[in-house]
Amino acid sequence: QPPGEGDPSVRFARDMSYHHQQAVEMALIVRDRSEDPELRQVLIDMALTQQAQIGQMTGWLETWALPITGPEAPMTGTMVHDGESMTMTPTMMGIQPQAEVNKLAELPIDEAEVLFLQLMIRHHRGAVLMAESVLEQTQRTPVVRLANGVIATQESEIALMQKLLADRGAQELP
């Protein structure tokens, strides 16, 4: 039985697709400017992986005969974390203001790389939170598989980005 509006799997597919779109945008901006081969590889992997996941989640919505966007703005509904219901906000989920994203194209590249790493660590933490939330709310095998994959990949990327920040003598944003 396909899920309907309001189902956590549907909300996850829509919200994570929206979330991933910003990550892809940020990664491509810096990839086009950076000359650091290690960072460029991370950026390419990130953009390709997250774009593929957007395609997967869009496919679910189409299979479930549901529109790509829902009645609520992205990441403004209720989520469950550690068994407690809480209201999401885009900021809580790591969505960055467009002005910050735009800086990635405007700052000198060394500053843009640091800002990217700082923003993307925050962004990835929001994705992990969203994935953990859906795991508390659904047993749908494809959703569970993708959520677990998001957690594993993004936690690994957070660790790598923390190293890249340290290599640049910078720290995470508070």
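For Gln1, the test of being in contact with a Leu (Cβ under 9 Å, 6 or more places away or on another chain), open to solvent by 10 Å² or more (accessible area, probe 1.4 Å) and among the polar types (S, T, N, Q) is failed. Can Thr138 be described as outside any helix (DSSP H, G or I), open to solvent by less than 60 Å² (accessible area, probe 1.4 Å), in contact with a helix residue (DSSP H, G or I) (Cβ under 7 Å, 6 or more places away or on another chain) and among the β-branched types (Val, Ile, Thr)? Yes; evaluated as a whole, the condition is true for this residue.
Given the structure, is Val80 in contact with a strand residue (DSSP E or B) (Cβ under 8 Å, 6 or more places away or on another chain) and either surrounded by 15 or more Cβ atoms within 10 Å (Cβ to Cβ) or within 30 Å of Asp36 (Cβ to Cβ) (or both)? Yes.
Beta carbons closer than 9 Å, at least 6 apart along the sequence or on distinct chains, pair a first residue in the range 12-32 that is closer than 15 Å to Gly55 by Cα with a second that is modelled with pLDDT of 95 or more and among the aromatic types (Phe, Trp, Tyr) for Ala13/Trp60; Ala13/Trp64. A count restricted to the range 40-97 and to residues that are part of a helix (DSSP H, G or I), within 21 Å of Leu129 (Cα to Cα) and hydroxyl-bearing (Ser, Thr, Tyr) stands at 2.
Take the conditions (1) in contact (Cβ under 8 Å) with a residue 24 or more places away in the chain; (2) open to solvent by 70 Å² or more (accessible area, probe 1.4 Å); (3) farther than 20 Å from Glu38 by Cβ; (4) touching a helix residue (DSSP H, G or I) at 6+ places or on another chain (Cβ under 7 Å); Lys103 misses just one of them, which is (1).
The values are calculated or read from the model by the stated rules, or taken from the named source; none is laboratory data. Here the structure is a predicted model, which means the values were calculated and not measured. Heads up, the Cβs are rebuilt from the backbone with ideal geometry, glycines too, and the neighbour counts pull from every protein chain shown. Surface areas here come from the heavy atoms of the whole protein model, side chains and all, with no ligands, DNA or RNA. Shrake-Rupley method; radii C 1.70, N 1.55, O 1.52, S 1.80 Å.
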